[in-house]
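Heads up: the structure comes next, in structure tokens.
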Amino acid sequence: MKFFQMQGRRRLENEYLAYDTSSISSYSEQLSVVKYGKNKDHAPLPQINLLLVFGEESYLPFYYRRLAGNIPDVSTVKVYLKELELLGYSKVKVVKDRGFYSVENINALYKEHIKFVIGGKSNISFVKEIILEEKDKMRKWDRYNEEYGFYIFSKTIKWDYEQVRPYKGDVLKDDRRMYLHLYYNPEKALED
């Protein structure tokens, strides 16, 4: 743990921390962490999950953890954040790719009060609706960001939050504030 602390502080001086999880399929019947779970390939095999934290630029690892194969993504994030807090990192914000996007995962992040940025697919109904609204205005110069070379639009939206409360036998429903960011890259659009 001391090594992880020192390596992490060194990485924080010059770069962001990144993490990724990977599932490793196994036929072992002796390892207790080998469990059936969901993986990115949708392969119906028992697996072990590996969580790795590394420097975004250097790719040097400073933390890893082996997890049971049946632990869902949100539980992995909770474990990871608690352990980072023990290592001295608090107020961590999570950035996830589109593979993590699901209503259940976003509701779980809200429930745990975790600040996050998550990629979404353009075929999600509320995203598609805003893209259609903004499509003709997207290439206006006031939305162009010279530093990155593409157009940016942001809008505050409402997320329909739901929390199942088994101890009360009901579902708590509420609105949560969310920011939707759209990016348009003319060069990528031309390639596509």
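Using the structure shown, decide if residue 122 is hydroxyl-bearing (Ser, Thr, Tyr), within 20 Å of residue 96 (Cβ to Cβ) and touching a His at 6+ places or on another chain (Cβ under 9 Å). So residue 122 fails the test.
With respect to residue 134, is the statement that it is under 24 Å from residue 78 (Cα atoms), among the acidic types (Asp, Glu) and touching a strand residue (DSSP E or B) at 6+ places or on another chain (Cβ under 7 Å) true? No: the conditions fail for residue 134.
Within region 169-192, the set of residues being part of a loop (DSSP other than H, G, I, E, B) and touching a residue at least 12 places away in the same chain (Cβ under 8 Å) comprises just one member, 185. Counting only strands (runs of 3 or more DSSP E) that sit wholly inside region 89-168, those with at least 2 residues that are of a type outside the set (Gly, Ala, Ser) and free of Cβ contacts under 8 Å to residues at least 12 places away in the same chain are 150-165.
Table: residues versus (1) outside the structural domain of residue 7 (by TED's automatic domain parsing); (2) under 30 Å from residue 49 (Cβ atoms); (3) not polar (S, T, N, Q).
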| site | (1), (2), (3) |
| --- | --- |
| 78 | no, yes, yes |
| 82 | no, yes, yes |
| 114 | yes, yes, yes |
| 138 | yes, no, yes |
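Looking only at region 2-27, which residues are surrounded by fewer than 16 Cβ atoms within 10 Å (Cβ to Cβ) and modelled with pLDDT under 70? 12, 13, 14 - these are the residues of region 2-27 that are surrounded by fewer than 16 Cβ atoms within 10 Å (Cβ to Cβ) and modelled with pLDDT under 70. Please go through region 132-152 and give me each residue that is surrounded by 12 or more Cβ atoms within 10 Å (Cβ to Cβ) and under 18 Å from residue 190 (Cα atoms), ordered by number. Correct list: 138, 139, 144, 150, 151, 152.
The values are calculated or read from the model by the stated rules, or taken from the named source; none is laboratory data. No experiment lies behind these values; they were computed from the predicted model shown. In this analysis, Cβ positions are derived from the backbone assuming ideal geometry, glycine residues included, and neighbour counts consider all displayed protein chains.
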